[in-house]
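Novice: Sharing a structure below in structure tokens format, with a few things to ask.
The values are calculated or read from the model by the stated rules, or taken from the named source; none is laboratory data. All figures in this text were calculated on a predicted structure; none of them were measured in a lab. A quick note on method: Cβ atoms are made from the backbone with ideal geometry, for glycine too, and the neighbour counts reach across all protein chains shown. Please note that ligands, DNA and RNA were not included when accessible areas were found on the heavy atoms of the full protein model with its side chains. Shrake-Rupley method; radii C 1.70, N 1.55, O 1.52, S 1.80 Å.
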Amino acid sequence: MTASHRGTIFLETARILAHHAPAPEQWLLTLEAPACAERAEPGQFVHLQCDPALPMRRPLSLQRVNREQGWVEILYKVVGHGTRLLTQRAVGQTLSLMGPIGQPFRPDPERPHVLLLGGGVGMPPMIFLADRLRRETGWRPMAFLGSELPFPFPTRPSRLLIPGLPPDAIGTLSLLEDWGVPCRLSSTQGQPGCHAGYVTDLTRHYLETLGATERRNVAIYACGPDPMLRAVAQLARAFDLPAQLSLEEFMACAVGGCAGCVVPVQTPQGKAMKRVCVDGPVFAADAVYPA
Ligand SMILES: Cc1cc2nc3c(=O)[nH]c(=O)nc-3n(C[C@H](O)[C@H](O)[C@H](O)COP(=O)(O)OP(=O)(O)OC[C@H]3O[C@@H](n4cnc5c(N)ncnc54)[C@H](O)[C@@H]3O)c2cc1C
Ligand code: FES
């Protein structure tokens, strides 16, 4: 069943096509949702009913979509009641899905040198953006991904050179390597092949290798926990680069009606309260973390 909300957000009864945990407490969920898949853009999310008995939906980012086959993929971490119940749902069962929701990342055609920074469950939107950019532009995005839990993806040593990085930055996601997207991983938990530190350390090392002319082509896109996004905003400011950040906020309706997700945002007219669900989740870094 499919119904449209405002002509852009669709309500679908989504059949579970695949559902498994590639790493402890991290699950990959593939749902048949053709209306959402058709329109979804990187940075958008779905509002998912995790269990028929649970009245409140949960917001989850889209990691990959396949328009032709009509499916969407989500990566989620188990943190509480809703995501714990979601793990119980089996292949063949259905879930009510609302999506796609929110303002996506808007790649700047003037800055084709794209750096994608993802932390924890902020990795999914960056994987979606990498996939879209490699398919639909001639650009070659680069990714720096961090996780304190084991990475929920196969990893391997990378053969795609990224200059300037510390010697412990060896590993990449096999998926991105296969797409030709240079990527390196970081973790403070001593994971093999990962830089012992943060994604912003890797990004800084790389940016220091670029001259002023090369930097004028660079734009940063990021999603992750709040401290990471603050650090990304500072880094972008230090290198005079534009950055778009995807925020997380507690959400009730996710369609702009309850004002439960508002955050202060700097606008040309001064500070204003914006709804993360429909005015975001993607905002300019200097609007949400002004100097
Ligand atoms: C736009 C957006 C995209 C997201 N994408 C992902 C993703 O791809 N993968 C993933 O694992 N998680 C993602 N999250 C976080 C995810 O929504 C929460 O982890 C989840 O709602 C927790 O639900 P729970 O019932 O298990 O936890 P509980 O803590 O029991 O949840 C209780 C309530 O708090 C809300 N809540 C709790 N934590 C968060 C949070 N961090 N953000 C928003 N609401 C929260 C829930 O919606 C629920 O109403 C995203 C959040 C947002 C806003
Ligand atoms: S969650 Fe209701 S306005 Fe954003």
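Novice: Just name the residue that is nearest to Ala222 (Cα to Cα) out of those in segment 56-71 that are more than 9 Å from ligand 1 (Cβ to nearest atom) and open to solvent by 50 Å² or more (accessible area, probe 1.4 Å).
Specialist: Among those that are more than 9 Å from ligand 1 (Cβ to nearest atom) and open to solvent by 50 Å² or more (accessible area, probe 1.4 Å), it is Arg64.
Novice: Criterion first (of a type in the set (A, V, I, L, M), open to solvent by 70 Å² or more (accessible area, probe 1.4 Å) and within 16 Å of ligand 1 (Cβ to nearest atom)) does Ala53 satisfy it? Can you show your working first?
Specialist: Values: of a type in the set (A, V, I, L, M): yes; open to solvent by 70 Å² or more (accessible area, probe 1.4 Å): yes; within 16 Å of ligand 1 (Cβ to nearest atom): yes.
It is true that Ala53 is of a type in the set (A, V, I, L, M), open to solvent by 70 Å² or more (accessible area, probe 1.4 Å) and within 16 Å of ligand 1 (Cβ to nearest atom).
Novice: Does segment 47-60 contain at least one residue that is under 14 Å from Gly82 (Cα atoms) and in contact with a Cys (Cβ under 7 Å, 6 or more places away or on another chain)?
Specialist: Checked segment 47-60: at least one residue is under 14 Å from Gly82 (Cα atoms) and in contact with a Cys (Cβ under 7 Å, 6 or more places away or on another chain).
Novice: Here is a further query. Does segment 90-124 hold any residues that are open to solvent by less than 40 Å² (accessible area, probe 1.4 Å) and not in a strand (DSSP E or B), and which are they?
Specialist: Gly102, Pro104, Phe105, Gly120, Gly122, Met123, Pro124
Novice: Right, here's the next one. Return only the number of the condition from (1) open to solvent by 30 Å² or more (accessible area, probe 1.4 Å); (2) within 11 Å of ligand 1 (Cβ to nearest atom) that Met273 does not satisfy.
Specialist: Just one mismatch for Met273, condition (2).
Novice: Select from segment 235-256 the residues that are open to solvent by 50 Å² or more (accessible area, probe 1.4 Å) and within 15 Å of ligand 1 (Cβ to nearest atom) and list them in ascending order.
Specialist: Result: Glu248, Glu249, Phe250.
Novice: To continue, here is another question. For segment 79-99, how many residues meet the condition of being within 11 Å of ligand 1 (Cβ to nearest atom) and either of a type outside the set (Lys, Arg) or not assigned by TED's automatic domain parsing to the domain that holds Val65 (or both)?
Specialist: 9
Novice: Follow-up. Among the candidates Leu176, Leu129, Leu133, Leu160, single out the residue that is outside any strand (DSSP E or B), at negative phi and surrounded by fewer than 21 Cβ atoms within 10 Å (Cβ to Cβ). Talk me through it step by step, then tell me what you get.
Specialist: Working: Leu176 fails: surrounded by fewer than 21 Cβ atoms within 10 Å (Cβ to Cβ); Leu129 fails: surrounded by fewer than 21 Cβ atoms within 10 Å (Cβ to Cβ); Leu133 fails: surrounded by fewer than 21 Cβ atoms within 10 Å (Cβ to Cβ).
Step by step, each of Leu176, Leu129, Leu133, Leu160 is checked, and only Leu160 is outside any strand (DSSP E or B), at negative phi and surrounded by fewer than 21 Cβ atoms within 10 Å (Cβ to Cβ).
Novice: Are any of the residues in segment 58-80 of a type in the set (Asp, Glu) and within 27 Å of Leu133 (Cα to Cα)? Break it down into steps so the answer makes sense when it comes.
Specialist: The initial filter retains those residues of segment 58-80 that are of a type in the set (Asp, Glu), namely 68, 73.
Narrowing the set further to residues that are within 27 Å of Leu133 (Cα to Cα) leaves 68, 73.
Yes: one or more hits.
Novice: Another question, then. Within segment 279-289, take every residue that is within 16 Å of ligand 2 (Cβ to nearest atom) and over 16 Å from the mean Cα position of the chain (by Cα) and give me the one that is nearest to Gln234 (Cα to Cα). Write out each step before concluding.
Specialist: So the first thing to find is which residues in segment 279-289 are within 16 Å of ligand 2 (Cβ to nearest atom), and the list is 279-283, 288.
With the extra rule that they be over 16 Å from the mean Cα position of the chain (by Cα), the set shrinks to 279, 288.
Numbers: Asp279: 23, Val288: 12 Å.
My answer is Val288.
Novice: What pairs come up if the first residue lies in segment 85-106 and is at pLDDT below 95, the second is assigned to a strand (DSSP E or B), and their beta carbons are under 6 Å apart, counting only those six or more places apart or on different chains?
Specialist: Qualifying pairs under 6 Å: Gly99/Val46.
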